[in-house]
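Undergrad: Handing you a structure now.
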Amino acid sequence: MSFRIVSELSALTVDWDEKADTPGVYLAFDTSDNVYYPAICSLADKSSKIFLIKDPVQGLQTLKQQELQYVVTGGVVQDCALLVLQTTGSFGGY
């Protein structure tokens, strides 16, 4: 397992389904054009936390690992899911 500290990120809207009449979604990109997906995890006895993950499948599983509960997540993770942040209105014209 490897972790990377990213110093600069940009949030951009992405036309995920290539349809002009649906909202775009926000994803994060670093200066090397690596994409990061927002994820939200519910923690036992704490508020939920938001993370950015590089792989939308493996990243969710990684956040649930017990050995990361004090190093990365700050608590015992109960569940994680992708967090879809949509633009308002349709994607056309952005």
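Just so it is clear, none of the values below were taken in a lab; they were calculated from the coordinates. Since we're looking at a predicted model, the values are computed, not measured. Neighbour counts run over all protein chains shown; Cβ positions are idealised from the backbone, glycine included.
Undergrad: If you put +1 on each Lys and Arg Cβ and -1 on each Asp and Glu Cβ, how big is the dipole of the chain around its Cα centre, in Debye rounded to 20?
TA: The dipole magnitude comes to about 320 debye.
Undergrad: Just to be sure I understand, if you calculate Rg and Dmax of the Cα atoms in Å for this structure, which of [x] 12.8, 41; [y] 20.4, 74; [z] 14.9, 45 do you get?
TA: [z]
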